[in-house]
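What follows is one structure encoded as C-alpha cells, with my remarks underneath.
The values are calculated or read from the model by the stated rules, or taken from the named source; none is laboratory data. Every value quoted in this text rests on a predicted model; they were computed, and no experiment measured them. As a convention, Cβ positions derive from the backbone with ideal geometry for all residues, glycine included, and neighbour counts pool all protein chains shown.
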Amino acid sequence: MSTTPRRALLVIDVQNEYVTGDLPIEYPDVQTSLANIGRAMDAARAAGVPVAVVQNYSPAGSPIFARGTPGAELHPVVASRERDHLIVKDLPSAFTGTDLADWLAARQIDTLTVVGYMTHNCDASTINHAVHAGLTVEFLEDATGSLSYENQAGFASAEEIHRVFSVVLHSRFAAVASTQQWIAAVEAGVALERGNIYVSNQQARARLAKA
C-alpha cells in the first residue's frame, strides 16, 4: 500500500482586499506570502497536484469583500495562474455551503494543503473542518498571514496571532511548514510531520522549567 499523500492545494481568499484594500495583511509581509502562494501553485501544477481556489464574498454594501468591488477580486498572483476548481463562499470554512468535500472525494484526496488568508479565520476554520472530516492537513505558514485586532477582549498583533495559531495548529490539526519544505515533500512524495498536544506541552513545560 502506497504511503504517498494524495494532495490537493487549497488557495483561500487571496483577494485584493488583503493587499490593496481596507483589510491589509500585516504578518508575515504580504508580498512574501503572495510570492510563496505563487510558488506553491506552480509547484502543485508541476507535480500534478490539483489546485482549488477559494473566493469570499460579502453582501452588497459591506465595507469589505462586497461582490463587484475591486477588493473582492482575486489578486493577480492567483488570478493569473491555472486552477482546477473555483469555490465561492460567504462563511469562514471553505467546506460550509460549498462542493469542496465532494470535489476532494471525487479525486480521492487524503491530504489538504492550505495557503492564503487569514491564518486565524478562514484558514483555521477550514483546517479544523478538514480534520473533522478525516483529512490530513498541511499549513504553509509563510504563504499565509494575519492582521492585528483590538476589541473588548484586548489587543493582539498580527505577529502574535499568526505565531500562536501556527503553534496551536501544529499541535493537533495540521503539519505546519514553510513553502520550501512543502515543495521538497511534494517532490519526494512524502508526508510532512505534524506534532501532537502531549509532546507540544511537554516541550513547553521543559522550557518553562529552565527559565
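Points worth noting:
So that you can scan it fast, the table gives a plain yes or no per residue for (1) loosely packed, with under 12 Cβ neighbours inside 10 Å; (2) over 28 Å from Val78 (Cα atoms); (3) among the aliphatic types (A, V, I, L, M):
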site: Ala133; (1), (2), (3): no, no, yes
site: Thr136; (1), (2), (3): no, no, no
site: Phe139; (1), (2), (3): no, no, no
site: Ser148; (1), (2), (3): no, no, no
site: Gly154; (1), (2), (3): yes, yes, no
site: Ser157; (1), (2), (3): no, no, no
site: His170; (1), (2), (3): no, no, no
site: Val190; (1), (2), (3): no, no, yes
site: Arg205; (1), (2), (3): yes, yes, no
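- Complete set of residues in segment 178-211 that are among the polar types (S, T, N, Q) and not in a helix (DSSP H, G or I): Ser178, Asn196
- Residue in segment 60-72 that is more than 15 Å from Val14 (Cα to Cα) and touching a His at 6+ places or on another chain (Cβ under 9 Å) present: no
- Look at (1) surrounded by 19 or more Cβ atoms within 10 Å (Cβ to Cβ); (2) over 14 Å from the mean Cα position of the chain (by Cα); (3) part of a helix (DSSP H, G or I) and you find that Ser33 fails only one, number (2).
- In segment 55-67, of all residues being part of a loop (DSSP other than H, G, I, E, B) and of a type in the set (A, V, I, L, M), the one that is farthest from Asp22 (Cα to Cα) corresponds to Ala60.
- When the criteria are applied in full, Ala209 fails the requirement of being at pLDDT 95 or above, among the hydrophobic types (A, V, I, L, M, F, W, C) and in contact with a Leu (Cβ under 6 Å, 6 or more places away or on another chain).
- Count of residues meeting criterion [surrounded by fewer than 20 Cβ atoms within 10 Å (Cβ to Cβ), within 22 Å of Trp103 (Cβ to Cβ) and of a type in the set (A, V, I, L, M)] in segment 52-67: 0
- Just one residue in the set Pro24, Pro50, Pro59 is under 28 Å from Gln108 (Cα atoms) and either free of Cβ contacts under 8 Å to residues at least 24 places away in the same chain or not aliphatic (A, V, I, L, M) (or both); that residue is Pro50.
- For segment 122-167, a residue qualifies if it is among the acidic types (Asp, Glu), within 9 Å of the chain's Cα centre (by Cα) and part of a strand (DSSP E or B), and the qualifying residues are Glu138, Glu141.
- For Thr69, the stated conditions do not hold, so it cannot be described as in contact (Cβ under 8 Å) with a residue 60 or more places away in the chain and of a type in the set (Ser, Thr, Tyr).
- Taking the criterion of being under 15 Å from Asn121 (Cβ atoms) and within 16 Å of the chain's Cα centre (by Cα), the residues of segment 12-30 that qualify are Ile12, Asp13, Val14, Gln15, Tyr18, Ile25, Glu26, Tyr27.
- Residues that are surrounded by fewer than 22 Cβ atoms within 10 Å (Cβ to Cβ) and either of a type in the set (A, V, I, L, M) or outside any helix (DSSP H, G or I) (or both), drawn from segment 96-108: Thr96, Gly97, Thr98, Asp99, Ala101, Ala105, Ala106, Arg107, Gln108
- Taken together, the residues in segment 168-177 that are among the aliphatic types (A, V, I, L, M) and assigned to a helix (DSSP H, G or I) amount to 2.
- Residues that are surrounded by fewer than 16 Cβ atoms within 10 Å (Cβ to Cβ), modelled with pLDDT of 95 or more and more than 16 Å from Val19 (Cβ to Cβ), drawn from segment 68-89: Glu82, Asp84, Leu86, Val88
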